[in-house]
Amino acid sequence: MNPQPRLCVVVLPALPESVPLLRRIVRYEAARWLLPEDAGEALQLVVSELAGNVVLHSGSPYVALFVRVDEDALTVKVRDGGSWEGGSGGGAREDGECCGRGLDLVGAVASRFTLVRGSCGTEAVAELDLGPSGPVSPAVPKRRASEEHLALSISV
């Protein structure tokens with residue numbers, strides 16, 4: 001028998017103080033769901049980076065977070081209603097720049113990552129594998145090899 005998926009859905013104003021609040025919420029949920037420590041830390045990183053991008057670059061009035069834990073995967077979706085004009089493109093950054101590597105970090109932690117931009121906003125989806133034993137096992141999320149490149153799916 002497969003365990004029921006665990007869900008967390010939060011919608012907050014796209015304000016700087018919303019990012020640490022979302023991080024605290026997913027930290028709490030990860031502990032409540034008995035996720036391994038590494039999975040909880042990866043979840044917090046992914047949420048911080050994706051929500052931070054919404055706040056800094058999207059112009060959206062809100063940031064929506066959806067987290068789902070299945071038998072062997074942790075899925076994080078972050079949506080916004082912004083336009084991202086002149087915002088973070090997720091491309092290669094110069095070594096001298098102080099920021100701009102957040103999506104690269106998400107791609108390095110996630111097993112799969114997509115970013116879809118449309119006329120009604122953006123949806124970023126990161127999936128972390130939890131292993132065949134499920135989220136309560138001592139398994140840690142699988143990390144992508146460093147030579148893999150971040151794949152972005154962009155739609156207009």
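The values are calculated or read from the model by the stated rules, or taken from the named source; none is laboratory data. Quick caveat: nothing in here was measured; it's all calculated off a predicted structure. Note that we place each Cβ from the backbone using ideal geometry, even for glycine, and neighbour counts take in every protein chain shown. In case anyone asks, the SASA skips ligands and DNA or RNA and just uses the protein heavy atoms, side chains included. Shrake-Rupley method; radii C 1.70, N 1.55, O 1.52, S 1.80 Å.
One residue stands out in segment 87-115 among those that are surrounded by 15 or more Cβ atoms within 10 Å (Cβ to Cβ) and part of a strand (DSSP E or B): the one that is modelled with the lowest pLDDT, namely 115. Please work out which residue is modelled with the highest pLDDT, limiting yourself to segment 1-26 and to residues that are basic (Lys, Arg) and under 23 Å from residue 114 (Cα atoms). Here the residue is 23. Can you name the residue in segment 37-60 that is open to solvent by 20 Å² or more (accessible area, probe 1.4 Å) and over 18 Å from residue 123 (Cα atoms) and, of all such residues, is farthest from the chain's Cα centre (by Cα)? Looking at residues that are open to solvent by 20 Å² or more (accessible area, probe 1.4 Å) and over 18 Å from residue 123 (Cα atoms), I get 37. Counting just the residues of segment 61-77 that are under 10 Å from the mean Cα position of the chain (by Cα) and open to solvent by 30 Å² or more (accessible area, probe 1.4 Å), which one comes out nearest to residue 28 (Cα to Cα)? Once the filter is applied, the top-ranked residue is 66. All conditions in (1) modelled with pLDDT under 95; (2) hydrophobic (A, V, I, L, M, F, W, C); (3) within 18 Å of residue 121 (Cβ to Cβ) hold for residue 63, with the sole exception of (1).
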